[in-house]
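Chemist: I'd like to ask you about the structure that follows.
The values are calculated or read from the model by the stated rules, or taken from the named source; none is laboratory data. Here the structure is a predicted model, which means the values were calculated and not measured. Positions of Cβ are generated from backbone atoms using ideal geometry, with glycine treated the same way; all protein chains shown enter the neighbour counts.
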Amino acid sequence: MDQVPRALILTLALAATGCAAGAGRGRASGSGGPSAAPPAPVAAVGEERLTKGDLADFVWERFREQWWQAVDEMIDERLVTAEARRLSVAVPPSALDAAVEAEAKARGEQLRARFGDGMDLASAVQAYYGVDVDTWRKTILRPRLANHLALERVVRLSARTREQVVARVIVLRDRARAADIRAKIDQGADFSLTALSESEDPSKALGGVIPAIGRGDLAVPGIEDALFRAAPGSLVGPLEVTVAGRSEFHLYRVVDRTAPWAGPPDALLVRLEEDLRQQPVTRAEYDRWSARTRRTYGVRYFAPDGSVLRPEPAGR
């Protein structure tokens with residue numbers, strides 16, 4: 001599986017494609033100051049001032065994918081800060097130093113690959129950020145990477161410190177078909193091969209393998225309770241789940257149960273670093289953490305005009 005991407009750590013080359021805001025639309029979003037003050041500008045075209053509110057509206061309307069990416073990055077930073085404090089997570093300085101060196105080197109190589117040998121990192125940093133490379137590394141790159149490394153550690157430790165169920169799943173959208181598949185597996189059909197041929201979930205490609213499920217991970221508590229009551233080797237389901245207003249039927253094979261890590265925070269952090277070296281955090285692992293923590297903290301989304309958006313979908 002893919003590792004968790006460095007969220008919104010854009011290459012310097014992409015900074016050259018920054019958005020130019022459109023004409024003011026009479027919205028107050030993004031002024032950042034008292035109501036009586038004029039909205040803060042980001043640019044001007046002649047006498048026309050382009051404000052942070054204009055920029056927010058423009059990105060929302062024209063670059064919706066980048067908008068969500070930036071919003072989720074900002075939310076992740078807040079969640080990571082809170083969870084790192086709760087779990088006593090600390091990023092080893094040596095790991096952060098190595099990440100900064102590797103990222104700076106990669107940025108330089110990306111620039112040369114795109115623009116040729118005439119474009120070096122120092123001139124690009126000066127052009128895009130108005131600072132020298134050392135300042136950029138300390139004040140911009142290092143904080144971004146520190147948050148990314150903390151995210152990896154928070155995701156993994158929050159999973160390891162809760163009891164978990166290891167399971168495979170087959171997802172079907174027809175009740176009768178789900179019952180038929182259950183009967184065939186009861187009669188000896190291989191669960192993984194059946195998932196590969198019959199499941200309607202992306203996990204079918206891996207024979208139904210999904211990330212380990214910890215207490216509190218699932219948006220449907222009834223499924224979680226059923227899985228934690230089952231002994232390893234048991235079949236659970238099919239269980240009916242409503243996803244985006246549509247019924248699905250989930251059949252699980254419980255593979256194993258794992259006990260939570262226990263001990264003082266310092267001991268757990270040593271164990272955590274070794275665990276991450278052996279098995280980096282996957283995208284699926286991050287997605288499960290993201291959904292659970294957003295439910296726990298009550299994250300909500302809003303459009304630039306203040307209207308509520310995107311209620312959290314039911315997770316699995």
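Chemist: Taking the criterion of being without any contact (Cβ under 8 Å) to a residue 40 or more places away in the chain and surrounded by 19 or more Cβ atoms within 10 Å (Cβ to Cβ), would at least one residue in the range 161-169 satisfy it?
Modeler: Step one: list which residues in the range 161-169 are without any contact (Cβ under 8 Å) to a residue 40 or more places away in the chain, which gives none.
No, the range 161-169 contains no residue that is without any contact (Cβ under 8 Å) to a residue 40 or more places away in the chain and surrounded by 19 or more Cβ atoms within 10 Å (Cβ to Cβ).
Chemist: Within the range 214-226, is even one residue under 13 Å from R168 (Cβ atoms), surrounded by fewer than 12 Cβ atoms within 10 Å (Cβ to Cβ) and either among the small types (G, A, S) or not assigned by TED's automatic domain parsing to the domain that holds P92 (or both)? First the steps, then the outcome.
Modeler: So in the range 214-226, the residues under 13 Å from R168 (Cβ atoms) come out as none.
No; the residues of the range 214-226 include none that is under 13 Å from R168 (Cβ atoms), surrounded by fewer than 12 Cβ atoms within 10 Å (Cβ to Cβ) and either among the small types (G, A, S) or not assigned by TED's automatic domain parsing to the domain that holds P92 (or both).
Chemist: Can you tell me how many residues in the range 271-289 are more than 13 Å from A159 (Cα to Cα), at pLDDT 90 or above and assigned to a helix (DSSP H, G or I)?
Modeler: Residues that pass the stated criteria total 5.
Chemist: Now, a different point. Among (1) in a loop (DSSP other than H, G, I, E, B); (2) not assigned by TED's automatic domain parsing to the domain that holds K204, where does R292 come up short?
Modeler: (1)
Chemist: Among A102, A44, A113, A106, which is the only one that is surrounded by fewer than 14 Cβ atoms within 10 Å (Cβ to Cβ) and assigned to a strand (DSSP E or B)? Steps first, please.
Modeler: Values: A102 fails: assigned to a strand (DSSP E or B); A113 fails: assigned to a strand (DSSP E or B); A106 fails: assigned to a strand (DSSP E or B).
Every option except A44 fails the conditions.
Chemist: Go through the range 274-287 and give me each residue that's closer than 20 Å to T81 by Cβ, in contact with a Lys or Arg (Cβ under 9 Å, 6 or more places away or on another chain) and not aliphatic (A, V, I, L, M).
Modeler: E285 - this is the single residue of the range 274-287 that is closer than 20 Å to T81 by Cβ, in contact with a Lys or Arg (Cβ under 9 Å, 6 or more places away or on another chain) and not aliphatic (A, V, I, L, M).
Chemist: Okay, next question. Has the range 117-126 got at least one residue that is surrounded by fewer than 14 Cβ atoms within 10 Å (Cβ to Cβ) and in the same structural domain as S234 (by TED's automatic domain parsing)?
Modeler: No, that holds for no residue.
Chemist: Also: Output the residues belonging to the range 233-255 that are farther than 18 Å from A195 by Cα and out of contact with any helix residue (DSSP H, G or I) (no Cβ under 8 Å at 6 or more places or on another chain). Steps first, please.
Modeler: If we filter the range 233-255 for residues that are farther than 18 Å from A195 by Cα, which is where we start, we get 242-247.
Those that are farther than 18 Å from A195 by Cα and out of contact with any helix residue (DSSP H, G or I) (no Cβ under 8 Å at 6 or more places or on another chain): T242, V243, A244, G245, R246.
Chemist: Where the second residue is part of a loop (DSSP other than H, G, I, E, B) and the first is closer than 23 Å to R246 by Cβ and lies in the range 201-216, which pairs have Cβ atoms under 7 Å and are six or more apart or on separate chains?
Modeler: As it stands, the answer is S203/I210; G208/S199, since those pairs meet every condition given.
Chemist: (1) touching a residue at least 40 places away in the same chain (Cβ under 8 Å); (2) at positive phi; (3) of a type outside the set (A, V, I, L, M, F, W, C): which one isn't true of R257, the others all being true?
Modeler: (2)
Chemist: OK, next. Whether any residue in the range 193-206 is over 21 Å from D76 (Cβ atoms), β-branched (V, I, T) and crowded, with 18+ Cβ neighbours inside 10 Å is what I want to check.
Modeler: Of the range 193-206, the ones over 21 Å from D76 (Cβ atoms) are 193-206.
Pick out the ones that are also β-branched (V, I, T) and you get 194.
Cutting the leftovers down to crowded, with 18+ Cβ neighbours inside 10 Å gives us 194.
Yes; the residues of the range 193-206 include at least one that is over 21 Å from D76 (Cβ atoms), β-branched (V, I, T) and crowded, with 18+ Cβ neighbours inside 10 Å.
Chemist: Within the range 107-136, track down each residue that is within 26 Å of the chain's Cα centre (by Cα) and modelled with pLDDT of 90 or more.
Modeler: The one that is within 26 Å of the chain's Cα centre (by Cα) and modelled with pLDDT of 90 or more: W136.
Chemist: Can you say whether G298 is outside the structural domain of V91 (by TED's automatic domain parsing), at positive phi and not aromatic (F, W, Y), as far as the supplied structure shows? Even if it seems obvious, please write down each step before you answer.
Modeler: Details: outside the structural domain of V91 (by TED's automatic domain parsing): no; at positive phi: yes; not aromatic (F, W, Y): yes.
Here the answer is no, as G298 does not meet what is asked.
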